[in-house]
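Trainee: Here it is: the structure, laid out below.
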């Protein structure tokens, strides 16, 4: 309510008290200064008067004159605001206890301050007045002054106490009635207020205020028709400020009468308190527009209600949600309904809002909770709701539509009912696919088995069967995989699945791994007859060619390799190498040599160049071109000293020298193999070849002396040792893995440095890895690596890398990956090492190394989509850190097309981020909505996306959405400190701005 300028209505002349000299004093020359001072005092020349009063007090011998002079001097000090003025009054009272001015001193000082509007000082002196000696008139005046002073201080209770002592029929009566009426009005005692106001209604100077108070009292009493009548009557007599207040009364009265069209003009005319409207004011405006179906304007008012937590706010947010729905702004509606559903002021509104919130969550996704959780929470809270059937149906579909399969699985497994079986089948299937894509093949296999077991939907039985085969293949269970893929093809719904087109391809691979090349060729040929995917077509062609090659069908193999050479495949180097090797098997060694030489010249950057050197050297050796063979092997050793063929090249040189009857050089080569690659299969073969060379040269004693110094071979027990190891391998061949494991461990125990120790450690590791005994496998793989480079090193490094990465053991992962990158002969393994070293470097803040690897991977044509996406993401992040916005935009655009899972979520976030930077706020919001709906599982980018959403909404003038979303992030994303900090900063900034127009915002 507005403040009245009550002081303007005082009817008496305050401060008009003049000093009259006592007529009993004789006007003499001695008293002249006193009378001159009195005249100056009455003329308000207090400084000069005070000097004369002080002079008279000293020089005049008349006690009364002295007392009067002291009294007036003290009054001058009061009026001049001199320090110690109050003490002078007190001193006067103490010095002249019999003076007739005793009582008047405090009265005059109180009157003076009252006339100056200094009510605190007036009260201080008025409280010192002895009212017993006052005349009725003075007492009436003092009580009024006290009452008014307390009224001005807003101490209405004390004001009322003094005003009620005023003679209501006397000089100050009308004023006392007015203020008593106002106090009653302020205390909502409208009966008493009306009574007082009625007594002064006829007084002209009060009439202009009466209309407002009467209108407001009628409004507060619920007499809205009367309030409108009084308000409209008062409007022409009011000032501009008063019209704002009256507009509020009239508008809100019409609002309560549900006459929203009449309410609007007056509600709009209200200017608020201090120029600020409140949440209630915005609600009334918004609801009036809502009732007139003007939903855009309704939203523009409702969404100014920030931080509301009362019945009005709940109602406002509910109708804000309804308005958003009418405008098809579903994301905004979801937030509004969520907010209303969290308030308990109206249970009916709460339930309806919750139902709408649940339905919208299903429709567009939910950034705060998984959709199944939202729907389940609603059904638990309202088990008898009329929406039960509808939401039960949505619950089933929501498990799939959100793609938040783990959250859905948690909900389903805590509520296993027949109703949820179909949903459980689908969710376990999709969660299995997620596990598979994350490289967690054992977990994936378990999920696929669960999905198959439900058998609610035959199509999902087929799909889960296919993916079970994929997971078995990834676990090196090739026989199981082949059987599973075969079963898949026979299932009734298999042909209706997207996986069916890949069945022959996977059967081909499984058969190939089982070395059943005839079957493999059949499957690959079948696949090639229908395949349309260029990448898979190339791969299947290569595998078919390899199948022909292994089954000694060399001309068909070369025909397949030629088809690759005539394509744009990045595997031309492999096809060219294989084709060259094939010529050797069709008795065309000169052609083989020529093709290998061309290969070395044409494919200098290929990872197969060392293979080509080795094959060329071997071909020379087989053709008895000894010097060329030795020279070619030396080229391999010089150019590729870390090649996994290096030990074989040295070994082969030794064999060449034996055949050339140069035993000394042969022995030197064999010893180098043993020295540089101890414990490897090549070292074992080198010992055996060295034995022949020593024997041929009649130096068996030297051989015996040399062998005694080797810890991995014992010639005297070699035959027995071979028998023990062969027994273990036989068990493996029969898939008796438990028996094989025991035999292999026995072998290691008896022959810790035996001929087959490295291979035994590797096989133990592989069996344990397949049984998901990761810790045991890890130990055995490490043993393989510690025993030096061998044919088992690379695969052990790959396995260990995966184990350490899964365990998040960064130090060991980096160690093993670095070795894998250096030693890998297989392109895929090298790329795997480089991609993970790139990610490790980025995580450690080494952006230079991360960017280097990202560039290497991006430029490699053999990189698959997943690794390419990782490299693109790292490059984009580095660009962001370096403020290279143009490059970051380009890279995130690329990532958006190739990324999956979390990388796709990241790409979508930055797509929205750059649109926000370009001030394309609506477009940015659309992208965030997609991120929230389709990638809800990636909470970090969801949280960042919500902050972006809030920023967009604020720029779109939707303050409610902005603040509500930020508050939700602050409450629910506590695990992401950086996001919460950003949200708090943004919220503080928005609230600071909103507080300038909304009095409810603190």
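Trainee: Does residue 182 satisfy the criteria of being part of a helix (DSSP H, G or I), in contact with a helix residue (DSSP H, G or I) (Cβ under 8 Å, 6 or more places away or on another chain) and at pLDDT 85 or above? Walk me through how you get there before you give the answer.
Mentor: Numbers: part of a helix (DSSP H, G or I): yes; in contact with a helix residue (DSSP H, G or I) (Cβ under 8 Å, 6 or more places away or on another chain): yes; at pLDDT 85 or above: no.
No, not satisfied.
Trainee: Please give the helices (runs of 4 or more DSSP H) falling wholly within the range 395-456 in which 2 or more residues are buried (at least 20 other Cβ atoms within 10 Å of the Cβ) and over 27 Å from the mean Cα position of the chain (by Cα). Can you show your working first?
Mentor: Values: elements: 405-413, 421-437, 441-454.
The qualifying helices (runs of 4 or more DSSP H) are 421-437, 441-454.
Here is a yes/no grid of residues against (1) crowded, with 22+ Cβ neighbours inside 10 Å; (2) at pLDDT below 80:
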{"residue": "199", "(1), (2)": "no, yes"}
{"residue": "203", "(1), (2)": "no, yes"}
{"residue": "210", "(1), (2)": "no, yes"}
{"residue": "215", "(1), (2)": "yes, yes"}
{"residue": "226", "(1), (2)": "no, no"}
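Trainee: Another question, if that's okay. Looking only at the range 161-179, which residues are in contact (Cβ under 8 Å) with a residue 60 or more places away in the chain and not in a helix (DSSP H, G or I)?
Mentor: Of the residues in the range 161-179, the ones in contact (Cβ under 8 Å) with a residue 60 or more places away in the chain are 171-172, 174-175, 178-179.
Scanning the range 161-179 gives 171, 172.
Trainee: Looking at (1) part of a helix (DSSP H, G or I); (2) free of Cβ contacts under 8 Å to residues at least 40 places away in the same chain; (3) over 29 Å from residue 641 (Cα atoms), which one does residue 808 not meet, given that it meets all the others?
Mentor: For residue 808, the exception is condition (1).
Trainee: Further question on the same structure: Can you spot a residue in the range 260-274 that is surrounded by fewer than 18 Cβ atoms within 10 Å (Cβ to Cβ), over 39 Å from the mean Cα position of the chain (by Cα), modelled with pLDDT under 95 and not in a helix (DSSP H, G or I)?
Mentor: Checking the range 260-274: at least one residue is surrounded by fewer than 18 Cβ atoms within 10 Å (Cβ to Cβ), over 39 Å from the mean Cα position of the chain (by Cα), modelled with pLDDT under 95 and not in a helix (DSSP H, G or I).
Trainee: Next question, about the same structure. So which of 868, 881 is surrounded by fewer than 17 Cβ atoms within 10 Å (Cβ to Cβ), within 30 Å of residue 812 (Cα to Cα) and either outside the structural domain of residue 796 (by TED's automatic domain parsing) or in contact with a helix residue (DSSP H, G or I) (Cβ under 9 Å, 6 or more places away or on another chain) (or both)? It would help to see each step written out before you state the result.
Mentor: Numbers: 868 fails: surrounded by fewer than 17 Cβ atoms within 10 Å (Cβ to Cβ).
The unique qualifying residue is 881.
Trainee: May I pose another question? With within 25 Å of residue 933 (Cα to Cα) and in contact with a helix residue (DSSP H, G or I) (Cβ under 6 Å, 6 or more places away or on another chain) as the only criterion, which of 380, 374, 461 stands out?
Mentor: Numbers: 380 fails: in contact with a helix residue (DSSP H, G or I) (Cβ under 6 Å, 6 or more places away or on another chain); 461 fails: within 25 Å of residue 933 (Cα to Cα).
Every option except 374 fails the conditions.
Trainee: Every residue in the range 990-1002 that is modelled with pLDDT of 85 or more and surrounded by fewer than 12 Cβ atoms within 10 Å (Cβ to Cβ), please.
Mentor: The answer is 992, and nothing else.
Trainee: Take the residues in the range 325-352 that are within 25 Å of the chain's Cα centre (by Cα) and more than 18 Å from residue 378 (Cα to Cα), then tell me which one is surrounded by the most Cβ atoms within 10 Å (Cβ to Cβ).
Mentor: 332
Trainee: Working carefully through the options 113, 96, find the one that is touching a helix residue (DSSP H, G or I) at 6+ places or on another chain (Cβ under 8 Å) and either under 24 Å from residue 167 (Cβ atoms) or touching a residue at least 40 places away in the same chain (Cβ under 8 Å) (or both).
Mentor: On the way: 96 fails: either under 24 Å from residue 167 (Cβ atoms) or touching a residue at least 40 places away in the same chain (Cβ under 8 Å) (or both).
Testing whether each residue is touching a helix residue (DSSP H, G or I) at 6+ places or on another chain (Cβ under 8 Å) and either under 24 Å from residue 167 (Cβ atoms) or touching a residue at least 40 places away in the same chain (Cβ under 8 Å) (or both) leaves just 113.
Trainee: Further question on the same structure: Being out of contact with any strand residue (DSSP E or B) (no Cβ under 8 Å at 6 or more places or on another chain), under 20 Å from residue 792 (Cα atoms), in contact (Cβ under 8 Å) with a residue 40 or more places away in the chain and surrounded by fewer than 18 Cβ atoms within 10 Å (Cβ to Cβ) narrows it down to one residue among 711, 682; which is it? Walk me through how you get there before you give the answer.
Mentor: Details: 682 fails: surrounded by fewer than 18 Cβ atoms within 10 Å (Cβ to Cβ).
Answer to the check: 711.
Trainee: Residues that are closer than 16 Å to residue 475 by Cα, in a helix (DSSP H, G or I) and at pLDDT 90 or above: does the range 782-796 have at least one?
Mentor: Within the range 782-796, one or more residues are closer than 16 Å to residue 475 by Cα, in a helix (DSSP H, G or I) and at pLDDT 90 or above.
Trainee: Hey, another quick one. Report yes if residue 836 is closer than 27 Å to residue 573 by Cβ and in contact (Cβ under 8 Å) with a residue 60 or more places away in the chain, otherwise no. Spell out the reasoning first.
Mentor: On the way: closer than 27 Å to residue 573 by Cβ: yes; in contact (Cβ under 8 Å) with a residue 60 or more places away in the chain: no.
Here the answer is no, as residue 836 does not meet what is asked.
Trainee: Cβ-Cβ below 8 Å, separation at least six or inter-chain, first residue in the range 27-47 and farther than 17 Å from residue 65 by Cα, second buried (at least 16 other Cβ atoms within 10 Å of the Cβ) and at pLDDT 90 or above: which pairs?
Mentor: Note: pairs meeting the criteria are 46/40; 46/76; 47/76.
The values are calculated or read from the model by the stated rules, or taken from the named source; none is laboratory data. Nothing here was measured: the structure is a model prediction, and the numbers come from that model. As a convention, Cβ positions derive from the backbone with ideal geometry for all residues, glycine included, and neighbour counts pool all protein chains shown.
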